[in-house]
Amino acid sequence: MNPHLSRLQPYPFERLKQLFAGVKPNPDYRPISLGIGEPKHATPALVTQALTANLAGLSSYPATAGEPALREAVAGWLQRRYGLDVNPVTQVLPVNGTREALFALTQTVVDGTRPGATVLCPNPFYQIYEGATLLAGADPYYVPSDPAKNFAVDWDSVPAAVWARTQMIFVCSPGNPTGAVMPLPEWKKLFELSDQHGFVIASDECYSEIYFRDEPPLGGMEAAAKLGRLDFKNLIALTSLSKRSSVPGMRSGFVAGDAAIVKQFLLYRTYHGSAMSTVVQAASIAAWNDEQHVIENRNLYREKFAQVTPVLAAVLDVKLPDAAFYLWAGVKGSDTDFARDLLALYNVTVLPGSYLARQARGFNPGAGRVRMALVAETAECLEAAQRIVQFVKSRT
Ligand SMILES: Cc1ncc(COP(=O)(O)O)c(C=O)c1O
């Protein structure tokens with residue numbers, strides 16, 4: 001067996017199952033889950049129509065590189081959204097969602113045989129970053145996000161010796177679970193460090209279209225272009241339809257950026273066997289070419305967050321995030337006790353923050369926080385928030 005498998009950590013939801021073992025949720029309340037970050041808004045009709053209109057595609061193997069029309073649709077979206085001029089042939093590649101792409105990109109980029117092979121992960125973080133790093137034979141180095149700085153990742157805390165052995169870093173903007181968007185000066189710092197040490201920046205941007213401020217989140221490639229880095233050297237952005245178009249089951253996204261990395265990634269993917277079905281490609285073209293359903297989807301989140309956040313802010317340390325669809329709330333005291341007792345008394349599931357982060361250099365930056373995914377309908381999220389208010393009041 002691959003020895004790296006034994007280094008994998010249990011997934012947060014496995015740990016949640018263990019935490020909840022033996023807990024009897026109060027039967028007076030129907031269950032509400034704010035646990036899983038799975039979009040629940042309706043799938044747009046233009047996507048389902050494109051899927052059914054293109055079923056003939058099931059009879060042929062798709063090419064790993066994708067159809068030119070899909071890559072052009074993606075390049076068109078990058079132009080409209082970020083003002084970027086990318087070459088659809090050399091700088092874009094379809095992927096079956098960002099999850100598999102984050103994993104596969106790590107295997108493509110990281111040389112685990114080099115002594116001290118290191119990959120930087122924000123802390124808290126999306127657990128695939130860690131698993132991908134470990135299975136590539138490298139060590140993750142966890143960089144804490146700072147609640148005092150709108151949860152910005154504290155890159156300055158990374159010692160020079162660690163930067164020197166870093167081969168790749170994960171950036172998640174907008175962040176899961178914090179919702180924080182990375183500003184241009186932070187990008188500039190990371191590009192300079194990348195130039196100095198030669199590491200690749202994997203920029204996970206799957207929440208880029210769900211935001212609460214007027215200005216859309218800055219993308220990694222947009223930041224590079226603003227700084228004159230038009231070849232996107234050592235940068236790969238990963239973008240997904242799952243959240244943008246509420247189609248997590250379609251498994252569709254793309255990577256874009258440095259053509260030299262895209263080329264090697266295509267080679268890797270040819271053997272990995274992760275080509276996108278042409279049926280899904282057709283539906284993806286329809287989705288990337290339409291912005292109206294994205295605006296409507298974003299408005300649903302905006303209305304929901306505008307209603308739910310103030311209710312919770314009355315009793316928890318929480319505020320409207322920059323973007324994404326989570327509230328990352330301070331609960332005073334143990335996050336695991338909070339989650340367990342909330343389920344027992346009010347039948348609401350939230351995810352303990354410590355399960356989304358690692359203890360590193362003496363502390364776990366997720367401890368004392370919970371993540372609440374506001375993916376269900378507004379009425380259901382509001383009901384959960386009201387129960388949480390009662391719960392918090394009953395504890396003090
Ligand atoms: C931060 C982050 N990245 C990537 C993903 C994967 O999304 P997908 O594979 O659907 O694109 C998720 C899913 O929840 C996520 O939260």
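Rundown of residues vs (1) farther than 27 Å from residue 38 by Cβ; (2) free of Cβ contacts under 8 Å to residues at least 40 places away in the same chain; (3) among the aromatic types (Phe, Trp, Tyr); (4) surrounded by 24 or more Cβ atoms within 10 Å (Cβ to Cβ), yes/no style:
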residue: 109; (1), (2), (3), (4): yes, no, no, no
residue: 118; (1), (2), (3), (4): yes, no, no, no
residue: 177; (1), (2), (3), (4): no, no, no, yes
residue: 188; (1), (2), (3), (4): yes, yes, no, no
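Do we have any residue at all in region 149-164 that's under 20 Å from residue 318 (Cβ atoms) and within 15 Å of the ligand (Cβ to nearest atom)?
Start the filter on region 149-164 by keeping residues that are under 20 Å from residue 318 (Cβ atoms), which leaves 149-153.
Restricting the remaining residues to those that are within 15 Å of the ligand (Cβ to nearest atom) gives 151, 153.
Yes; the residues of region 149-164 include at least one that is under 20 Å from residue 318 (Cβ atoms) and within 15 Å of the ligand (Cβ to nearest atom).
Residue 304 satisfies every condition listed in (1) out of contact with any helix residue (DSSP H, G or I) (no Cβ under 9 Å at 6 or more places or on another chain); (2) more than 16 Å from the ligand (Cβ to nearest atom) except (1). Scanning region 345-367 for residues that are over 20 Å from the mean Cα position of the chain (by Cα) and open to solvent by less than 20 Å² (accessible area, probe 1.4 Å) turns up 347, 348, 360. Do we find a residue being away from the ligand (no atom under 16 Å from the Cβ) and more than 22 Å from residue 244 (Cα to Cα) anywhere in region 80-87? Yes.
Against the test of being modelled with pLDDT of 95 or more, in contact with a helix residue (DSSP H, G or I) (Cβ under 8 Å, 6 or more places away or on another chain) and over 21 Å from residue 248 (Cα atoms), the options 294, 350, 279, 315 yield a single qualifying residue, 315. Tell me whether region 258-276 contains one or more residues that are surrounded by fewer than 21 Cβ atoms within 10 Å (Cβ to Cβ), within 15 Å of the ligand (Cβ to nearest atom) and part of a loop (DSSP other than H, G, I, E, B). Looking for residues that are surrounded by fewer than 21 Cβ atoms within 10 Å (Cβ to Cβ), within 15 Å of the ligand (Cβ to nearest atom) and part of a loop (DSSP other than H, G, I, E, B), one finds at least one in region 258-276, hence yes.
Please count how many residues of region 243-257 are in contact with a strand residue (DSSP E or B) (Cβ under 8 Å, 6 or more places away or on another chain) and either part of a loop (DSSP other than H, G, I, E, B) or without any contact (Cβ under 8 Å) to a residue 24 or more places away in the chain (or both). Don't jump to the end; show me each part of the working.
We begin by selecting, within region 243-257, every residue in contact with a strand residue (DSSP E or B) (Cβ under 8 Å, 6 or more places away or on another chain); these are 252-257.
Checking the rest, the ones that are also either part of a loop (DSSP other than H, G, I, E, B) or without any contact (Cβ under 8 Å) to a residue 24 or more places away in the chain (or both) come to 252.
Adding up the residues that qualify gives 1.
Go through region 327-350 residue by residue and tally those that are in contact with a Phe, Trp or Tyr (Cβ under 9 Å, 6 or more places away or on another chain) and more than 15 Å from residue 32 (Cβ to Cβ). Residues in region 327-350 being in contact with a Phe, Trp or Tyr (Cβ under 9 Å, 6 or more places away or on another chain) and more than 15 Å from residue 32 (Cβ to Cβ): 8 in total. Number of residues in region 192-226 that are more than 16 Å from the ligand (Cβ to nearest atom), within 13 Å of residue 84 (Cβ to Cβ) and not in a helix (DSSP H, G or I) equals 1. The set of residues in region 228-246 that are open to solvent by 10 Å² or more (accessible area, probe 1.4 Å), within 13 Å of the ligand (Cβ to nearest atom) and either out of contact with any Phe, Trp or Tyr (no Cβ under 7 Å at 6 or more places or on another chain) or farther than 27 Å from residue 44 by Cβ (or both) is empty.
Filtering region 277-304 to residues that are surrounded by fewer than 22 Cβ atoms within 10 Å (Cβ to Cβ), touching a residue at least 12 places away in the same chain (Cβ under 8 Å) and under 30 Å from residue 384 (Cα atoms) leaves 293, 294, 297, 298, 300, 302, 303, 304.
Looking at the structure I just gave you, is residue 33 hydroxyl-bearing (Ser, Thr, Tyr) and within 20 Å of residue 178 (Cα to Cα)? So residue 33 passes the test.
Mind telling me which of the residues 182, 168 ends up being farther than 30 Å from residue 34 by Cβ and either open to solvent by less than 30 Å² (accessible area, probe 1.4 Å) or assigned to a strand (DSSP E or B) (or both)?
Values: 182 fails: farther than 30 Å from residue 34 by Cβ.
On inspection, the qualifying residue turns out to be 168.
The values are calculated or read from the model by the stated rules, or taken from the named source; none is laboratory data. All figures in this text were calculated on a predicted structure; none of them were measured in a lab. Counting neighbours? That spans all protein chains shown, and the Cβs are built from the backbone with ideal geometry, glycine included. Heads up: the accessible areas ignore ligands, DNA and RNA and are worked out on the full protein's heavy atoms, side chains in. Shrake-Rupley method; radii C 1.70, N 1.55, O 1.52, S 1.80 Å.
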